[in-house]
C-alpha cells in the first residue's frame, strides 16, 4: 500500500477514533490491522531477513544505536534483502517526534525501506499529558499498540532486537 492510500485510511480511522485534525493529517495509520495478516509501508518481496527493532526508551543515545543497527542491517544484507521495522512505544515514542534529534536519520532510513511504527496507545497518552497531539515525523505510521505489533511480527518470522 502506498503512503497516499495509508494517509487516506489514517484520516478516516483518525476521524473514527476522535483524534485531533492535526494528528489525523500528520500520521497515517497502518490499516487494516489484522494480527494474522501483517501489512507494511514498504514492500520487500525478496527479503530473506526480517527484523523488528524495539524502541521504548527516552534516550537519544539508544535512538542512535537503534538507527545504526537498522543501517548496519541494510548495509550487510542490502535494502532488497532485509525488511526492518522499528516499533516505538512508551517513552521511546519521542524518537518519532518531529523535533527529534534523529529525525533526519529516520528520513534517510525510510528512503531505504525501513518502516517506523508509532504506538497509538502511547500517542494518546502523550496527547492527554501534553494537552495536544504531538506531531510525528512524516515517516511514522500508527499501529494500535507497539507491543502487539512486535508480537505480530515475531509470530510471522521476524527476528527481535532491543538495543
message = more than 14 Å from the chain's Cα centre (by Cα), more than 16 Å from residue 28 (Cα to Cα) and outside any helix (DSSP H, G or I): is that true of residue 71 in this structure?
response = no
inquiry  = On the basis of being at pLDDT 95 or above and under 21 Å from residue 47 (Cα atoms), does residue 110 make the cut?
reply    = yes
query = Looking only at residues in the range 49-68 that are out of contact with any helix residue (DSSP H, G or I) (no Cβ under 7 Å at 6 or more places or on another chain) and within 20 Å of residue 152 (Cβ to Cβ), which one is surrounded by the fewest Cβ atoms within 10 Å (Cβ to Cβ)?
reply = 50
key: Residue that is surrounded by the fewest Cβ atoms within 10 Å (Cβ to Cβ), among those in the range 90-102 that are touching a strand residue (DSSP E or B) at 6+ places or on another chain (Cβ under 8 Å) and farther than 16 Å from residue 53 by Cα   = 98
inquiry  = Given (1) over 12 Å from the mean Cα position of the chain (by Cα); (2) within 20 Å of residue 39 (Cα to Cα), identify the lone condition not met by residue 101.
reply    = (2)
query = If you take the residues in the range 38-67 that are free of Cβ contacts under 8 Å to residues at least 60 places away in the same chain and under 15 Å from residue 112 (Cα atoms), which one is nearest to the chain's Cα centre (by Cα)?
reply = 67
task = For the range 132-150, indicate whether the set of residues that are part of a loop (DSSP other than H, G, I, E, B), more than 12 Å from the chain's Cα centre (by Cα) and without any contact (Cβ under 8 Å) to a residue 24 or more places away in the chain is non-empty.
result = no
remark   = Within the range 111-126, of all residues that are farther than 21 Å from residue 144 by Cβ and in contact (Cβ under 8 Å) with a residue 24 or more places away in the chain, the one nearest to the chain's Cα centre (by Cα) is 113
ask   = Under 9 Å by Cβ, and 6 or more places apart or on different chains, what pairs join a residue from the range 78-107 that is touching a residue at least 40 places away in the same chain (Cβ under 8 Å) and at positive phi with one that is surrounded by fewer than 23 Cβ atoms within 10 Å (Cβ to Cβ) and outside any helix (DSSP H, G or I)?
value = 90/56; 90/57; 90/58
task = All but one of (1) within 18 Å of residue 153 (Cα to Cα); (2) at pLDDT 95 or above; (3) not in a helix (DSSP H, G or I) hold for residue 99, so report the exception by its number.
result = (1)
The listed residue being at pLDDT 50 or above, surrounded by fewer than 19 Cβ atoms within 10 Å (Cβ to Cβ) and out of contact with any strand residue (DSSP E or B) (no Cβ under 9 Å at 6 or more places or on another chain), out of 35, 77 = 35
Pick from the range 38-48, criterion surrounded by 13 or more Cβ atoms within 10 Å (Cβ to Cβ) and touching a strand residue (DSSP E or B) at 6+ places or on another chain (Cβ under 8 Å), ranking: modelled with the highest pLDDT = 47
key: The one condition in (1) outside any loop (DSSP other than H, G, I, E, B); (2) at pLDDT below 50; (3) surrounded by 13 or more Cβ atoms within 10 Å (Cβ to Cβ) that residue 15 fails to fulfil   = (3)
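The values are calculated or read from the model by the stated rules, or taken from the named source; none is laboratory data. This one's a predicted model, so the numbers in the text were calculated from it and none came from an experiment. Please note: Cβ atoms are built from the backbone with ideal geometry, for glycine as well, and neighbour counts cover all protein chains shown.
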